[in-house]
Amino acid sequence: MSEHRIELTVNGNRHIARVEARTSLGEFLRDTLGYTGTHLACEHGVCGACTVMVDGDAMRSCLTLAVQADGAAVTTVEGLAQADGTLHPVQQALRDNFGLQCGFCTPGVAITMAAVTRDNEGADSGAMEEGLTQAMSGHICRCTGYQGIRRAIRQLAGVSA
Amino acid sequence: MNVHMKSVGAARYVGERTPRKEYGRLLTGRGQFTDDVRVPGMLHVAFVRSAVARGRILGIDTAAARDMPGVQAVYTQADLAAVPVTFQTFFFTPAEAPVTLLADGRVACVGDPVAMVIAESRAQAEDAAALVEVAIEEETPVVTIADARTGPLVHPDRDDNIAAEMGDEDSREAVQPLLDGAAHVVTMRVRHQRIAQSPMETRACLASPEGENEMTVWLGCQSPHLAARYIAQVMGLPQEAIRVIAKDVGGGFGLKNIPWKEEMAVIAAAKLLRRPVKWIEDRFEALTASSHAREQDVTLTVGFDGDARLQAAWCDYACNNGAWPMGEDANVAVHMFMWPCYKMPAYGFVTRGWYTNTMGLGAYRGPWAMESLVRETLLDKAARRIGIDPVELRRRNLLYLTDQPHTSTLGVPVEDITPGECLEKLVANVDFAAFRREQAEARKAGRYLGIGVATYVEPTGAAGSMAPMTGETVHLRVEPTGKVVAMLSTHSQGHGTATTMAQVIAEQLGVAYEDVAVYEGDSAIGAFGPGAAGSRQGVIAGGATWRAAQLLSEKVKQVAAHLTNASVEAITIEGGIVHVAGAPEMSRSLREIAEIAYGEPGRLPEGAPTGLEAQYRYQPPPMTMTSAAHCCIVEVDAETGFVKILRWISAEDCGTVINPGVVEGQIAGGLAQAIGQVLLEDMPYDARGNPLAATFKDYLMPTISDVPDFEYLHASTPSQTIGGMRGVGEGGCIIGPPTLVNAIADALSPFGEIEELVLPLTPARILDVIEQRDVSGTRAPAAEAKSAAPIVEEAPLVEAAPVASSSIDGDWAMVLKTPMGPQEMVGHFDTVGATVSGYLEAPEGRQEFSGGTLAGSQLRFEMKVEKPMKITLKYDLLFEGDAVSGKCKMGMFGSAKVTGTRA
Amino acid sequence: MKPAPFDYVRPSSVAEACRILDEAGGGATVIAGGQTLMPLLNLRMSQPFILVDINGIAALKGVARVEGGIRVGPATRQADALRDETLARHLPAFTRALGHVGHHQTRNRGTIGGSIALGEPAAEMPATAVALGASIEIASVRGTRQVPADAFYVGPYMTVLEPDELVTGIVYPDWPQGHLVLFREVAQRPGDFALVGLVGALALEGGAISRAGIAWFGMGPTPVRARQAEAALLGAERARIDPHAIARAAVADTAPFDDHHASAEYRRTVGQRVFARALSETLDLRSAA
């Protein structure tokens, strides 16, 4: 069982830590660094609750080892809003549209939406809506029936509901 | 009547899509779920679980595990027995199965917890758990309902595998002639699959002992109050010793009604070890070892007259209770709520729950939902058979407001339900004729569209008829700052109670929504209430806050009137400002009034209490009914059997809508679960008792692509509660399945009937209908199981050898198996000739009876009771030596078994 | 659901990786994207002593034109391959199938080689490699070898790869410009493994099929090459092709299984149907163009 020194940034904060090889990035973010906004809900890569951005790309933090994130820039849900508390547009869209109920899946949903809206910046409404909807098939929400999430997607894409 | 009409100009919050108060933390990753809580010195649990469905434990070797790094303790039931726990059901009645924290000599299902490892990290606990060796002598398991009827005993100390039983084969005699004489008789059999409730946050428990008995428990639950009371009660501790905190919970859906084996084992282990202990269920455990739901096999037969009017119905219901149900359940509610929204003259049923060697039965959103599924799918089948439009068939049989008050054949009173009105609203907003034209055109092109309709009523906001369903208390105050604080025993697992209650308070008190803070989620806050259970919080807590805010408003007005020498009637509160009619210069902020009320008691009216506080506990009517009619349109791909949902319209009547965003969210969430039940989700077991869907790769949860945009028509007939709300938490999950099945059946009608509904309707099962052959392989094993499983009928009440009538005199220790659990009582009988009088005595009190008749060894007597409802109990008992057995007919609750021995 | 303990190494060359795999004597497992391996580790269904992370080996990444084909490095991220214009232009069947692999979030980390080497019988990429006639480059301290994709798979999750071996490339042969793509996947939700799926390429010359490569996924213990259908198509004039007869021949090569999502009979029935439809649509599309 090897231990490794890693250095990474999370939401712009620099962290240096020692991690066991088997520790997932999600577990490391939560238990070692205290970014408990990232939720582990299936630990086999299906539900999407643990999704974080690694070097800008949305991915499962349960399917990445912490040691593999050495040198990476990680963004978690805690890093989406501005320092003054202004919500990220995806957070605002979820808020405006009842896009969450229990909120357990929401951190992953928000991260995917933030990554995909950025990737599709400047795309037309249809492409943006399509891209967000496709990416959202990688998330399971048990509460909302996805209605508010879909409305939030339309708001972000500038599509009238 | 508009119950929330307010004086002109006041800010309206009730009825508004107010953004939720909880969003601030949940959207930014700052919620507090149980796994987010850390306590110094906290240890972690991994359970060692049985890989065998049924067998005797020969030995458990924990030596290697104890030597592993980080391990602090390894417990088996022998260790935990030092902390006695007597499990109860949700209804606070004793669990009938011999439920223990960990396996006690035997295992009864795969996933049964056998040992627990407590270590410094979860990973270390799992490392050690893998080294615990459990030797089990494996026995043939009882897996299906059919197995349970004929197989060996799941619990060796029980007489049979019947976990619970209600209803009456005799009632068939009353119904059968009516069925025989009916113009049309239609039968529907539904085999409902097993569901894993699957809240996104799995079960979670952190127990932190703080003294001899004192303990704080962070728990994924649906009510901290209920959980605290349950924990204290089953451990025999004073309730004040246990504080349960659950600030944020990631969904419950019935699974988290009460803490069960694992959570209680964690609490017991923390007490034994005197260390904080945390267990976070992983998804593998959540799918295979959390309580499951549904798994029913139901047959309903209904007779109609020549005009398609309901004549009579008979239902045989069976439900797999698993090994350790969170309350043995024959689901009598299915039968109680089968017909209250229809004009049904005669109904009889027999209903049973069966023990098997599978994971135990737990609650799931609308646990009695089968009534709507089997009834509404049967009605559509009947409409096709009779050749009548399904909407028209419902119109002829539904209860409209003009038909009420009405009492259902099982005695459920209804006086303000609107299923007919909801259906009319739906029909007025959906062009059925246009759809039929489109459908006919599409069929010519080889496209199969279908439309499905369903109607129902749902009991919500139950209070006072059974433990633990109670009223709700709110503590409300204006702080010296002028801000308003409410302390409630509500609980949100996404329900948004902090939001809806704040809307009610803001409107009733005349303050800004932003100035109202709601505290909940902690058993130290508020008074007892069962939280989210049975679609009740909006109704009952809503009524409580409504009235409490009015009471507080009166106090503010009295103080203001005194300070301004005005009459109380002249005072209004609006936007946090207290106004005096005709004297705008006298307006003061609520803060100014509050500062005086707290800090300058001398300026208050003579004898008035200081501060600005109000408290109200609301006891609503025993039950409040919600009605709805839904419609959905699908397209079935005849090549692949895939179903695409094109439209879904809900016309529901949940009375006063506090927040349409919240109400629609509840409906939508339930409908998504309904879609999952009909098309995707399944937790099958193999013949050895292994659960086969152990990950989300195999247990198919609905995703965004499976759920259409829902459309809503709110009917909003105020109920008789304060505020006029009706419950809406479970409805979508109840009415959704039949609506979707009916649409699919309509689409498939050119090919044939779904003769027997086996869920989920996988693409293969849909091809069974399209191709009229067994593509899915469903029929072969089903037929086999059926033939291999003759129903074991209850032994008939044979006339035993006559005994001297005087021999029944005296006291008998008797048990009545009620739907809420067994009720122990003492029966005392005195005979004079063939006439018997006496009493039944239970801890709740003694009830006398007279005029009983004794014929041979058979005693019949009646007894009128007021609680939980006004019903007449009809006892029919047979005495044999020192034993008594028989049944008690309990009005709408059906019949319950009675057993006993001479005391 | 935490993995059993293991050591982690991140070699920077193929040689170093092969040396580690050799020294581990079967106790090492290669991780690239980890999107399938990590669940197996978390569930303790896989318990290696050493995890060999190949993400640091530059030679294993990227898409390149090579003599007679395109070589895809096994550590190439699925998302990168999906955006790759060379693949989209020359091997449209590859890009089409890849779009159905997993989800946005898993494609951002999952790799082509991971999907190929795992050998999930209902997955898209192994069948695509079989259909297109790819060969798998394999290295170990014992040397290198190339295995045709249809000889690479021997059973569910079983390949000819030895414990000390590493996939170092997947080489897809060139297909004629303008060849047609045959693709259909029947899955219950986006990102799910297929209940039944087929992928292939068809080249036409003078109105007749000059080359055909077709494989099923979800229709047997491995990806299944539709050999009889390929043979029947080869040389056939497009206008005279009976898609239903070809579909029957295609299904004849399969050995589908029952599971709780679908029966073997469903897979055969629907497989034949969607094959026939995909084939006629693909050929009609060509004639319409």
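For beta carbons closer than 7 Å, sequence separation of 6+ or different chains, a first residue in region B:64-93 that is under 25 Å from residue B:468 (Cα atoms) and a second that is aromatic (Phe, Trp, Tyr), the qualifying pairs are B:88/B:230. For region C:256-277, residues that are more than 7 Å from chain B (Cβ to nearest Cβ), of a type in the set (Phe, Trp, Tyr) and crowded, with 18+ Cβ neighbours inside 10 Å total 1. Evaluate region C:149-157: report whether one residue or more is among the small types (Gly, Ala, Ser), within 28 Å of residue B:697 (Cα to Cα), buried (at least 16 other Cβ atoms within 10 Å of the Cβ) and within 14 Å of chain A (Cβ to nearest Cβ). No.
The set of residues from region B:747-778 being in a helix (DSSP H, G or I), of a type in the set (Asp, Glu) and either within 30 Å of the chain's Cα centre (by Cα) or over 20 Å from residue B:442 (Cβ atoms) (or both) comprises just one member, B:768.
What residue, of B:674, B:715, is more than 26 Å from residue B:401 (Cα to Cα) and in contact (Cβ under 8 Å) with a residue 60 or more places away in the chain? Outline the logic, then answer.
Details: B:715 fails: more than 26 Å from residue B:401 (Cα to Cα).
Exactly one residue qualifies, and that residue is B:674.
Having 1 or more residues that are of a type in the set (Val, Ile, Thr) is the bar; report the helices (runs of 4 or more DSSP H) wholly within region C:180-289 that clear it.
Answer list for region C:180-289: C:243-252, C:264-288.
With respect to being over 21 Å from residue C:125 (Cβ atoms) and either modelled with pLDDT under 95 or small (Gly, Ala, Ser) (or both), residue C:231 fits the description. The set of residues from region C:137-157 being in contact with a Leu (Cβ under 9 Å, 6 or more places away or on another chain) and under 16 Å from residue C:124 (Cβ atoms) comprises C:149, C:152, C:157. Taking region B:631-689 as the range and being among the polar types (S, T, N, Q) and outside any loop (DSSP other than H, G, I, E, B) as the test, the residues that pass are B:650, B:666, B:673, B:677. Being more than 23 Å from residue B:486 (Cβ to Cβ) and either in a helix (DSSP H, G or I) or among the polar types (S, T, N, Q) (or both) is the filter here, so list the residues in region B:576-619 that pass it. Selection gives B:584, B:585, B:586, B:587, B:601, B:602, B:603. Checking each residue in region C:48-81 for being out of contact with any strand residue (DSSP E or B) (no Cβ under 7 Å at 6 or more places or on another chain), closer than 21 Å to residue C:138 by Cα and within 14 Å of another protein chain (Cβ to nearest Cβ) picks out C:55, C:56, C:57. When residue B:820 is tested against (1) at pLDDT 80 or above; (2) surrounded by 11 or more Cβ atoms within 10 Å (Cβ to Cβ); (3) closer than 30 Å to residue B:97 by Cβ, exactly one condition is not met: (1). Total residues in region B:9-67 satisfying the condition of being within 30 Å of residue B:692 (Cα to Cα), of a type in the set (Val, Ile, Thr) and assigned to a loop (DSSP other than H, G, I, E, B): the figure is 2. Look at (1) more than 10 Å from every other protein chain (Cβ to nearest Cβ); (2) of a type in the set (Val, Ile, Thr); (3) free of Cβ contacts under 8 Å to residues at least 24 places away in the same chain and you find that residue B:721 fails only one, number (3).
Looking only at region C:82-130, residues that are among the small types (Gly, Ala, Ser) and within 14 Å of chain A (Cβ to nearest Cβ) come to 5 in all. Region B:78-190 holds strands (runs of 3 or more DSSP E) entirely within its bounds, and those carrying 3 or more residues that are out of contact with any His (no Cβ under 6 Å at 6 or more places or on another chain) and surrounded by 22 or more Cβ atoms within 10 Å (Cβ to Cβ) map to B:113-119, B:162-167.
Being crowded, with 22+ Cβ neighbours inside 10 Å and either modelled with pLDDT of 95 or more or among the aliphatic types (A, V, I, L, M) (or both): is that true of residue A:131 here? Considered against the rule, which asks whether it is crowded, with 22+ Cβ neighbours inside 10 Å and either modelled with pLDDT of 95 or more or among the aliphatic types (A, V, I, L, M) (or both), residue A:131 comes out as no. Among the numbered conditions (1) outside the structural domain of residue C:69 (by TED's automatic domain parsing); (2) in contact with a strand residue (DSSP E or B) (Cβ under 6 Å, 6 or more places away or on another chain); (3) acidic (Asp, Glu), the only one that residue C:164 does not meet is (1). Taking the residues in region B:694-716 that are surrounded by 21 or more Cβ atoms within 10 Å (Cβ to Cβ) and among the hydroxyl-bearing types (Ser, Thr, Tyr) as candidates, determine which candidate is farthest from the other protein chains (Cβ to nearest Cβ). Checking each candidate, the answer is B:699.
Quick check, is residue B:650 of a type in the set (S, T, N, Q), touching a strand residue (DSSP E or B) at 6+ places or on another chain (Cβ under 9 Å) and buried (at least 17 other Cβ atoms within 10 Å of the Cβ)?
On the way: of a type in the set (S, T, N, Q): yes; touching a strand residue (DSSP E or B) at 6+ places or on another chain (Cβ under 9 Å): yes; buried (at least 17 other Cβ atoms within 10 Å of the Cβ): yes.
Criteria met by residue B:650.
The single condition among (1) within 14 Å of another protein chain (Cβ to nearest Cβ); (2) buried (at least 24 other Cβ atoms within 10 Å of the Cβ); (3) more than 18 Å from residue B:661 (Cβ to Cβ); (4) not aliphatic (A, V, I, L, M) that residue B:729 does not satisfy is (3). Is it true that some residue in region B:681-689 is in contact with a helix residue (DSSP H, G or I) (Cβ under 9 Å, 6 or more places away or on another chain), more than 30 Å from residue B:428 (Cα to Cα), within 14 Å of chain A (Cβ to nearest Cβ) and surrounded by 22 or more Cβ atoms within 10 Å (Cβ to Cβ)? The answer is yes, given that some residue of region B:681-689 is in contact with a helix residue (DSSP H, G or I) (Cβ under 9 Å, 6 or more places away or on another chain), more than 30 Å from residue B:428 (Cα to Cα), within 14 Å of chain A (Cβ to nearest Cβ) and surrounded by 22 or more Cβ atoms within 10 Å (Cβ to Cβ). Figure legend. Inter-residue proximity from region A:72-100: first residues more than 20 Å from residue A:132 (Cβ to Cβ) and facing another protein chain (nearest Cβ under 9 Å), second residues charged (D, E, K, R) and not in a strand (DSSP E or B), beta-carbon distance below 9 Å, spacing 6+ or different chains. Indicated pairs: A:78/B:30. Residue B:53 meets the conditions (1) more than 14 Å from chain C (Cβ to nearest Cβ); (2) surrounded by fewer than 23 Cβ atoms within 10 Å (Cβ to Cβ) in every case but one. The failed one is (2).
The values are calculated or read from the model by the stated rules, or taken from the named source; none is laboratory data. The model shown is predicted, which means the values in this text are computed figures rather than measured ones. Note: ideal-geometry Cβ built from the backbone for every residue, glycine included; neighbour counts use all protein chains shown.
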